[in-house]
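The values are calculated or read from the model by the stated rules, or taken from the named source; none is laboratory data. Worth saying up front: this structure is predicted, and the values here are computed from it rather than measured. Note that we place each Cβ from the backbone using ideal geometry, even for glycine, and neighbour counts take in every protein chain shown.
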Amino acid sequence: MNKWVKYLSFIVLILFVIAIILGRNLFTVSKDNEKDEENNIIWYKDNYIYVNFNKLDSFLNDLNDYIEYNDELKNIYEIIIDKYYNDDMVKMYNEKSYKVLEIDFDNDEIKKVFNDSKDYNVVKVIFENDSKLDNLDVDKLNYKINRQQVIRENLVKTAQLQVGNTGETYWEWYGFNHRVEWCCVFVSWLAHENGVLNKAIPKFIWVKKGVDFYREKGWLKFPREYTPIPGDIIFYNWNNNLVIDHVGIVEKVENGYVYAIEGNVNYKNVARRKSKLNSSYIYAYGVPEY
């Protein structure tokens, strides 16, 4: 049994005991009854056990008027993810109007905690979108679990907002007071804006330096062996020679095409480029571990 599952089980049991001591009905359970869901902290539906963290958060705040409880109790879900967010047993995603923290349990343990004979294995902790919780930063939790995806999405969103811009902002940030060839500078600036400069994307002005960075880390992938995803770095070789000419960031892949956002397009501005995945102009992709 994973010790973090035991820890969560222990905390849930503590909550049960506290509720009993205070004469409060902490977990009103409704099985397959959608009408009662919004009134409950826990309910059963579609072979999942749901926990409404917003309701639990409110309960803990009310509870604090009666008894002081340890911060570890308030921040239980965040503590779990601090230690185990790379575990395949934990994931977080959007579902309808909620963010959902999904945790896979050992079946025997879940029966003990929730006192039910059914074969449940998954607990879904739901958080209302855009809700303000005193005891948990939901966006921080989502970032911990889905760091790669969140950073990639943020890089692409930042790039999308730059489309149409000329290069002054980017080369001045790099340290130049005059025009330079700035496709690499643009990608470096995106990394800086998203906190991954020199970690996942280098600060570079020569395309070869970027290629070398990814090659040295083992993060360079070639078109014949790899299909890019948003947030990858795309390198071009216009003349199929030893000189790598241009760089951008992958926005999306659709219907056999890769769409990229690049600086210094036509020596002018930030723009999108659409290329066939098998285009001979695509030299390689940098695939960072964000």
Is there a residue being within 24 Å of Glu153 (Cβ to Cβ) and surrounded by fewer than 14 Cβ atoms within 10 Å (Cβ to Cβ) anywhere in the stretch 228-251? no
Within the stretch 169-179, which residues are closer than 18 Å to Val207 by Cβ and surrounded by 14 or more Cβ atoms within 10 Å (Cβ to Cβ)? Tyr170, Trp171, Tyr174, Phe176
Going through the stretch 172-186 in order, the residues found to be in contact (Cβ under 8 Å) with a residue 12 or more places away in the chain and assigned to a helix (DSSP H, G or I) are Trp173, Tyr174, Cys183, Cys184, Val185, Phe186
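Per-residue answers, yes or no, for (1) β-branched (Val, Ile, Thr); (2) surrounded by 15 or more Cβ atoms within 10 Å (Cβ to Cβ); (3) in contact with an Asp or Glu (Cβ under 8 Å, 6 or more places away or on another chain):
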site: Gly256; (1), (2), (3): no, no, no
site: Ile261; (1), (2), (3): yes, yes, yes
site: Val265; (1), (2), (3): yes, yes, no
site: Glu289; (1), (2), (3): no, no, no
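Residues are listed down the side, and each one gets a yes or a no for (1) in the same structural domain as Tyr174 (by TED's automatic domain parsing); (2) of a type outside the set (S, T, N, Q); (3) in contact (Cβ under 8 Å) with a residue 40 or more places away in the chain:
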{"site": "Ser188", "(1), (2), (3)": "yes, no, no"}
{"site": "Ala191", "(1), (2), (3)": "yes, yes, no"}
{"site": "Asn198", "(1), (2), (3)": "yes, no, no"}
{"site": "Ile205", "(1), (2), (3)": "yes, yes, no"}
{"site": "Lys209", "(1), (2), (3)": "yes, yes, no"}
{"site": "Phe222", "(1), (2), (3)": "yes, yes, yes"}
{"site": "Ile229", "(1), (2), (3)": "yes, yes, yes"}
{"site": "Asn266", "(1), (2), (3)": "yes, no, no"}
{"site": "Arg272", "(1), (2), (3)": "yes, yes, yes"}
Scan Tyr214, Tyr285 and give me the residue that is within 25 Å of Tyr143 (Cβ to Cβ), assigned to a helix (DSSP H, G or I) and either in contact with a Phe, Trp or Tyr (Cβ under 8 Å, 6 or more places away or on another chain) or at pLDDT 95 or above (or both). Tyr214
Evaluate the stretch 158-165: report whether one residue or more is surrounded by fewer than 17 Cβ atoms within 10 Å (Cβ to Cβ) and more than 27 Å from the chain's Cα centre (by Cα). yes
Please determine whether any residue of the stretch 183-204 is surrounded by 14 or more Cβ atoms within 10 Å (Cβ to Cβ), farther than 28 Å from Gly218 by Cα and either more than 27 Å from the chain's Cα centre (by Cα) or at pLDDT 95 or above (or both). no
